[in-house]
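We did not get these values from a lab; they are worked out from the coordinates using the rules stated. Here the structure is a predicted model, which is why all the values come from computation and not from measurement. Counting neighbours? That spans all protein chains shown, and the Cβs are built from the backbone with ideal geometry, glycine included.
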Amino acid sequence: MKNFIELENIAKQIRRKTLEIIFNAGSGHPGGSLSSVDIGTSLFFYLMNHDPNNPNWKDRDRFILSKGHAAPLLYVILQMSGYFPENWLSTFRKINSPLQGHPNSLKCPGIEVSTGSLGQGLSIACGMALSLKKDNMKSIVYTLHGDGELNEGQIWEAVMFAAHYKLNNLIAFIDKNDLQIDGSTDEVMSMKSIEEKFSAFNWNVLTCDGHSITDIVNKTIEAKKSIKPSVIIAKTIKGKGVSFMENVAGWHGKSPSKIELQLALEELE
Amino acid sequence: MINPFNIGDVVPIRDGFGKALIELGHKNEKIFVLDADLSKSTRSNWFAEKFPNRFIECGIAEQNMIDVAAGLSLMGKIPFTTTYGVFVAGRAFDQIRNTICFSNLNVKIIGSHGGLSVGADGGSHQAIEDIALMNLLPNMKVFSPVDANEAFQIIIKASDIVGPVFVRLAREATEILIRKDFEFQVGRWEKLSEGNDAYLLFHGTIGAEVMKATKILLEKKIEVTVINCSSIKPFDKKMLNEIPSSKPIFIIEEHLEAGGLGSIISTYYSQNSPRKLELINIGDRFGESGSPTELYQKFGFTSEILAERIRASLTDN
């Protein structure tokens, strides 16, 4: 098992590769990919039971990237885990690529289900978690959502469902970077306390520093002990790791120029 | 498998659905049924009583229900979701498109109360665009049974298909036209009567009126072939090719003109064997309240109106 310093190095490498493949593609979503890097690193390189040599291993933990626009992050993580060769990364968003603009489970190994239309991943995870319970299987279902994604009404349908069926094998991460495409989450559609909303629906609510692998791991271990479905609200910084991208909504969905990429990579040395 | 009802019985189509689910529940423990607070109306409550551990009540949240079914299918289960067609084909369209069909998931979507048959509840509850919406989607199969026996057959068959399936059911009790030993085949249509003067193609429970119309026409010495087009996607190209191009064809459905069976067949013929078709449908308008009989009268679907329209059309030409 890797120690936390190794994990932080992996996270830094993931940030670099994520920016490189977005630059290479000429489009993609750097902001919300970078904000989720440490959550993704903690899950795939420490917390989750999974086997890149056997993506369909039935006892694996499941991960659904409900915020499908963070696809570049997921691809880099899957590649570095060993799900597919490194040369696939240069095909991201290109014609005939297994690495579609948003994750496509029919084209790329390691992706449980296609996502991209926001708000659906939690419901899918509910179905998986319910099925695992019916079969007395011990796997955990993890999801990753943006905070802007919580605008979608279907999220709250799923929140009700998970609590009703006591799906304590479901752990949802909220990447709370406080930004969405049109501005801050508070300006676009203010939701006030996300914690109180999930609590009111009878979820186990935890918060963490979304850029502290130690905190992410500890809160996840705590969530696994809950008798309720758990949400881990991870405070993050959109564009984390690259000074000129941090907290700028405009970096939600655009590729860096060559100079910007170089500056970013220097910061991520 | 022998179908449950006798020809001539008058049975709600959902009873065939309910019986098929019980049959499947006994045979296959992977079968799960999900409902959105309408289990008594859809007859999924029959399954719920027998197999409570495999019945998932989803509450009034159709979008979530469809994606919960997606999750179940990803774990190897065979989920059947049930609610009114109007609340699933439209309301949960994005979930069906972007999750079920885009990932080609093994989820069965049963839209009950299709067409005008929900009657007095009015236009908000009548699914008259469901076929168009579901037929649009790659990977989807679309079936519209004529009666409770065929509904039984189609549900059994749907469980063997790996991939998404939409089935339109209706509310009213209608006459059983399909014999007990009939076996539904995907992409194959069945002739319910034979005659040389015209071809009547239909899908769904309007078939009972169409068959009555053939008797009225026969009294006027007009003999028609009636084809039950229950497999809408895929449809029966072979049978379409066999219809002589000189013969008048009428396509009858409780559906909007846009995107319905008439539209599907028009597209096919226009590229292969262009011919004139007469489309008998709801047109470009919503339904409204009334008894199903009154609505059939108003929208031109009673056997008498159908027979007269067909007779007049054949005489004019």
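Given a Förster radius of 25 Å and the C-beta distance between B:Asn53 and A:Ser199 as r, what FRET efficiency does 1/(1 + (r/R0)^6) yield to the nearest 0.05? After rounding, the FRET efficiency stands at 0.25.
If I model a spin label at A:Asn247 and B:Arg179 as a point 7 Å from the Cα along the Cα→Cβ vector, what separation in nanometres do I get? Result: 7.8 nm between the two label points. Maximal additional length on extending the A:Leu265-A:Met191 stretch stands at 23.2 nm, based on 0.36 nm per residue less the C-alpha distance.
Computed about its Cα centre, the charge dipole of chain B is approximately 700 debye, with only Lys, Arg, Asp and Glu carrying charge at their Cβ. Distance from the alpha carbon centroid of segment B:249-282 to that of segment A:87-117 works out to 38 angstrom.
For the pair B:Asp121 and B:Glu219, what calculated FRET efficiency results from E = 1/(1 + (r/R0)^6), where r is the Cβ-Cβ distance and R0 = 51 Å, to the nearest 0.05? My answer for the efficiency is 0.90.
Does chain B come out rounded, prolate or oblate, given a ≥ b ≥ c as the square roots of the eigenvalues of its C-alpha gyration tensor, rounded meaning a/c under 1.5 and, failing that, prolate meaning a/b above b/c? Prolate is the answer for chain B, as a/c is 1.5 or above and a/b outweighs b/c. Between B:Val10 and B:Ser246, the modelled labels are 4.2 nm apart [label points 7 Å from Cα along Cα→Cβ]. In the structure displayed, which of A:Lys94/B:Lys141; B:Lys108/B:Lys238; B:Lys276/B:Lys298 lie more than 28 Å apart, Cα to Cα? With Cα atoms farther than 28 Å apart: A:Lys94/B:Lys141.
Listed by chain and number, the aspartates and glutamates placed with their C-alpha closer than 13 angstrom to that of B:Lys50 are B:Glu23, B:Glu29; residues fewer than eight positions away on the same chain are left out. Normalised by the number of residues in chain B, the mean separation of alpha-carbon contacts (under 8 Å, six or more apart) gives a relative contact order of 19 percent. Extending 7 Å from the Cα toward the beta-carbon at both B:Ile60 and B:Phe93 defines two label points whose distance is 2.2 nm. Test of understanding: extend the Cα→C-beta vector of B:Glu308 to 7 Å, then name every residue of segment B:197-227 with backbone N under 18 Å from that spot. Once the point is set 7 Å along Cα→Cβ of B:Glu308, B:209-222 turn out to lie under 18 Å by backbone N, inside segment B:197-227. Ranked by the mean number of other Cβ atoms within 10 Å of their residues, highest first, the peptides B:102-111, A:254-263, A:121-130 come out as A:121-130, B:102-111, A:254-263.
Restriction of the trypsin sites (Lys or Arg not before Pro) in segment A:177-239 to DSSP coil positions whose beta-carbon has at most 13 other beta-carbons within 10 angstrom yields A:Lys192, A:Lys224, A:Lys225. Under 5 Å from the amide H of B:Val107 lie the amide H atoms of B:Gly163, B:Val165, each residue being 5 or more positions distant or on a separate chain, with H modelled from the backbone and absent for Pro and chain starts. When the convex hull of its Cα atoms is viewed from all sides, chain A shows a mean projected area of 13.0 nm².
Note on the protein assembly as shown: Cα-only Rg and Dmax are 27.1, 89 Å. Mean separation of Cα pairs under 8 Å and 6 or more residues apart, divided by the residue count, gives segment B:1-148 a relative contact order of 23 percent.
Over segment A:137-269, the fraction of Cα-Cα pairs per 10 Å bin, rounded to whole percents and listed from the shortest bin up, is 12, 38, 31, 15, 4, 0.
Inter-chain Cβ neighbour count for B:75-87, averaged per residue, equals 2 (cutoff 10 Å, partner chain atoms only).
Taking amide H atoms as placed 1.01 Å from N in the peptide plane, the amide H of B:Ile31 lies under 5 Å from those of B:Ile78, each 5 or more residues away in sequence or on another chain.
Couplings for segment A:127-133, taken from phi via the Karplus curve 6.51 cos²θ - 1.76 cosθ + 1.60 with θ = phi - 60°, read x, 5, 5, 5, 4, 4, 5 Hz in order; Gly and Pro are left as x. Between A:Leu106 and A:Asp182, full extension at 0.36 nm per residue minus the direct alpha carbon distance yields a gain of 24.2 nm.
In chain A, what % of DSSP beta bridges are antiparallel (nearest 5)? Approximately 10 percent, going by the DSSP bridge assignments. Take every DSSP beta bridge whose two residues both sit in the protein assembly as shown; close to 15 percent of them are antiparallel. Treating r as the C-beta distance of B:Gln297 and A:Lys254 and R0 as 60 Å, the FRET efficiency rounds to 0.50. Rounded to the nearest 20, the size of the Cβ-charge dipole of segment A:4-267 about its Cα centre is 680 debye, with Lys and Arg at +1 and Asp and Glu at -1. In whole angstrom, how far apart do the alpha carbon centroids of segment B:78-93 and segment A:150-223 sit? Using only Cα atoms, the two centres lie 27 Å from each other. Measuring nothing but how far apart in sequence close Cα pairs (under 8 Å, 6+ apart) lie, relative to its length, chain A scores a relative contact order of 24 percent.
Peptides A:30-36, B:174-180, A:143-149 ranked from most to least packed, by the mean per-residue count of other Cβ atoms within 10 Å: A:30-36, A:143-149, B:174-180. Amide H to amide H distances under 5 Å link A:Leu179 with A:Thr185, where only residues 5 or more positions off or on other chains count and H is placed in the peptide plane.
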